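A short write-up of the structure that comes next.
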Amino acid sequence: MKSFKIFIKLFWYLSVIVILLFYIFFERYRIFDYIMNNYSIQEMKISNFYYNRRTSLRGGGNQSITVIGYIGKERVYFSRFDKEIGKLHNLYPQVFLDNEKDYEIKILKFKHSPKVMLVDDDEFQRWKRNLLLSFSYIILSIIIMLLINHKKK
C-alpha cells in the first residue's frame, strides 16, 4: 500500500512538472503576449502547405498539415492534426481544392511568436480554456503539496 501511495505521489509531481515544462518550452511567447495583450487579428497570405502522414505498425496513421504564410514580410504558420484537417478543409475549401497559394485568411497573431491561430474556428477560446485549466491544476497541486508537507512537519 505504501508503494502505491509513493507511485501516485510521484505521478502527481511528474504531471505538474511535465505540464509546466510544456508551457515554458512551447507556449511561453504566446502566454507572455496574451498577458501583455500583444496580439491582434490580421490577414495571413498563404504561401504553401505541407501534408505529413505517419503510419504505425498497427496500421493506423497520424496525419498533419502545416500551413505557411506571410503577414507583410514575417513568415508565420499554423498546424492541424488528424480530424482537425477535415474541419480546416471545410473552412477553406477553395484553398485546398484549387491549390490557391495567395489566398488570405484571418488569423490571431501574437507579437513574439511565428505560430498563429485561426480566427474562424475559435482556436483562441480553446487555447485560453486549456491554459486556464492547466495553470489551475498546477497552482492547486502546488498548494496541496505545500499543505501536505507543512502538515507533516
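Counting only residues that are part of a loop (DSSP other than H, G, I, E, B) and exposed (fewer than 11 other Cβ atoms within 10 Å of the Cβ), how many does segment 83-95 have? Reasoning before the result, please.
Pass one, segment 83-95, residues part of a loop (DSSP other than H, G, I, E, B): 92.
Retained after the next criterion (residues that are exposed (fewer than 11 other Cβ atoms within 10 Å of the Cβ)): none.
Residues meeting the conditions: 0.
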Pairs please, first residue from segment 32-43 and over 10 Å from Lys111 (Cβ atoms), second anywhere and of a type outside the set (D, E, K, R), Cβ atoms under 6 Å, 6+ apart in sequence or on different chains.
Ile41/Leu108; Ile41/Val119; Gln42/Ile71
Is it the case that segment 17-35 has a residue that's under 30 Å from Ser141 (Cβ atoms), charged (D, E, K, R), in a strand (DSSP E or B) and at pLDDT 90 or above?
no
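One line per residue, one yes/no per condition, for (1) more than 30 Å from Ile142 (Cα to Cα); (2) small (Gly, Ala, Ser):
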| residue | (1), (2) |
| --- | --- |
| Trp12 | no, no |
| Gln42 | yes, no |
| Ser47 | yes, yes |
| Tyr50 | yes, no |
| Asn62 | yes, no |
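Against the condition among the hydrophobic types (A, V, I, L, M, F, W, C) and more than 28 Å from Ser134 (Cβ to Cβ), how does Val16 come out, does it pass?
Numbers: among the hydrophobic types (A, V, I, L, M, F, W, C): yes; more than 28 Å from Ser134 (Cβ to Cβ): no.
No.
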Condition set surrounded by fewer than 14 Cβ atoms within 10 Å (Cβ to Cβ) and touching a Phe, Trp or Tyr at 6+ places or on another chain (Cβ under 9 Å), scope segment 102-136, selection nearest to Ser64 (Cα to Cα): answer is Asp120
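Against the condition outside the structural domain of Ser134 (by TED's automatic domain parsing) and under 14 Å from the mean Cα position of the chain (by Cα), how does Arg80 come out, does it pass?
Numbers: outside the structural domain of Ser134 (by TED's automatic domain parsing): yes; under 14 Å from the mean Cα position of the chain (by Cα): yes.
Considered against the rule, which asks whether it is outside the structural domain of Ser134 (by TED's automatic domain parsing) and under 14 Å from the mean Cα position of the chain (by Cα), Arg80 comes out as yes.
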Kindly indicate whether any position in segment 67-78 is at pLDDT below 85, β-branched (Val, Ile, Thr) and outside any helix (DSSP H, G or I).
no
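Any residue in segment 96-107 that is at negative phi, assigned by TED's automatic domain parsing to the domain that holds Val67, within 17 Å of the chain's Cα centre (by Cα) and not in a helix (DSSP H, G or I)? Quick ask: steps written out before the conclusion?
Within segment 96-107, the first condition is being at negative phi, and the residues that meet it are 96-98, 100-107.
Cutting the leftovers down to assigned by TED's automatic domain parsing to the domain that holds Val67 gives us 96-98, 100-107.
Applying the additional criterion that residues be within 17 Å of the chain's Cα centre (by Cα) yields 107.
Those still in the list that are not in a helix (DSSP H, G or I) too: 107.
Yes, segment 96-107 contains a residue that is at negative phi, assigned by TED's automatic domain parsing to the domain that holds Val67, within 17 Å of the chain's Cα centre (by Cα) and not in a helix (DSSP H, G or I).
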Of the residues in segment 46-64, how many are surrounded by 11 or more Cβ atoms within 10 Å (Cβ to Cβ), of a type in the set (A, V, I, L, M) and modelled with pLDDT under 90?
0
Residue among Lys83, Lys9, Lys87, Lys2 that alone is closer than 21 Å to Asp102 by Cα and out of contact with any helix residue (DSSP H, G or I) (no Cβ under 8 Å at 6 or more places or on another chain):
Lys87
Ile8 passes all but one of (1) in a helix (DSSP H, G or I); (2) at pLDDT below 95; (3) buried (at least 16 other Cβ atoms within 10 Å of the Cβ); which number fails?
(3)
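The values are calculated or read from the model by the stated rules, or taken from the named source; none is laboratory data. Note that this is a predicted model, so its numbers are computed, not measured. Note: ideal-geometry Cβ built from the backbone for every residue, glycine included; neighbour counts use all protein chains shown.
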